[in-house]
1. Which of the residues spanning the stretch 108-135 are under 19 Å from Gln66 (Cα atoms) and in contact with a Phe, Trp or Tyr (Cβ under 8 Å, 6 or more places away or on another chain)?
2. Have a look at Ser55, Ser26 and point out the one that is at pLDDT below 90 and in a loop (DSSP other than H, G, I, E, B).
3. Collect the residues in the stretch 64-76 that are open to solvent by 70 Å² or more (accessible area, probe 1.4 Å) and not aliphatic (A, V, I, L, M), keeping them in residue-number order.
4. Pick from Ile137, Ile96: which is closer than 17 Å to Met48 by Cα and touching a Lys or Arg at 6+ places or on another chain (Cβ under 9 Å)?
5. Scan the stretch 104-141 residue by residue and report those that are open to solvent by less than 30 Å² (accessible area, probe 1.4 Å), within 16 Å of Arg46 (Cα to Cα) and either part of a strand (DSSP E or B) or free of Cβ contacts under 8 Å to residues at least 40 places away in the same chain (or both).
6. Output yes when any residue across the stretch 77-97 is charged (D, E, K, R), surrounded by 13 or more Cβ atoms within 10 Å (Cβ to Cβ) and either free of Cβ contacts under 8 Å to residues at least 24 places away in the same chain or more than 25 Å from Gly25 (Cα to Cα) (or both), and no when none is.
7. Among (1) open to solvent by 10 Å² or more (accessible area, probe 1.4 Å); (2) modelled with pLDDT of 85 or more, which single condition is Ile47 missing?
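The values are calculated or read from the model by the stated rules, or taken from the named source; none is laboratory data. In this text, all values refer to a predicted model and were calculated from it rather than measured experimentally. Using ideal geometry, Cβ is built from the backbone for each residue, glycine included, and neighbour counts are taken over all protein chains shown. Quick note on the areas: whole protein, heavy atoms, side chains included, nothing else; ligands and nucleic acids left out. Shrake-Rupley method; radii C 1.70, N 1.55, O 1.52, S 1.80 Å.
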Amino acid sequence: DKPVASGTAGNVVQNFVAETAATGGSGLAKYITRQINLEANSQALRIMFAANRPSGSEIEVYYRSQESSSDVDFNTLAYTLCAQDSAVATTDDTTIFRDYQYTINNISPNFTTFQIKICLKSSQSTKVPRVKDFRVIALGT
């Protein structure tokens with residue numbers, strides 16, 4: 001059996017790369033924000049968006065952050081999977097968008113730079129999740 005990539009039926013993944021990797025990732029549909037630099041330290045993130053998620057599909061959200069005093073190249077940092085605040089039901093009605101929220105507390109060390117990645121996965125290429133009204137709030141110390 002050959003592994004099948006999420007979001008399309010029949011596209012074979014040749015070399016799997018986890019979405020937590022610093023670059024790449026085997027998911028075929030994703031949105032990655034630019035690197036966001038803050039003036040003050042933060043210790044938490046709140047990620048919010050509206051999504052239409054049909055049955056058989058998933059939305060995964062990842063973040064990476066860096067403290068201001070770090071000398072490490074930001075683009076070499078791995079992503080961390082975020083847990084959704086509460087479960088949201090799927091819908092096959094393409095006009096219905098439901099609110100999603102992810103709160104990541106006590107990020108240590110406190111950070112001044114962050115980036116978000118959203119991966120959209122589906123077992124059927126005709127039923128893919130869609131996201132709108134995306135926003136992120138960095139919460140202070």
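1. Thr113, Phe114, Gln115, Ile116, Lys117, Ile118
2. On the way: Ser55 fails: at pLDDT below 90.
Exactly one of Ser55, Ser26 is at pLDDT below 90 and in a loop (DSSP other than H, G, I, E, B), namely Ser26.
3. The answer is Glu67, Ser68, Ser69, Asp71, Asp73, Asn75, Thr76.
4. Matching residue, one of Ile137, Ile96: Ile137.
5. Ile104, Phe111, Thr112, Thr113, Phe114, Gln115, Ile116, Lys117, Ile118
6. Checking the stretch 77-97: at least one residue is charged (D, E, K, R), surrounded by 13 or more Cβ atoms within 10 Å (Cβ to Cβ) and either free of Cβ contacts under 8 Å to residues at least 24 places away in the same chain or more than 25 Å from Gly25 (Cα to Cα) (or both).
7. Of the numbered conditions (1) open to solvent by 10 Å² or more (accessible area, probe 1.4 Å); (2) modelled with pLDDT of 85 or more, the odd one out for Ile47 is (1).
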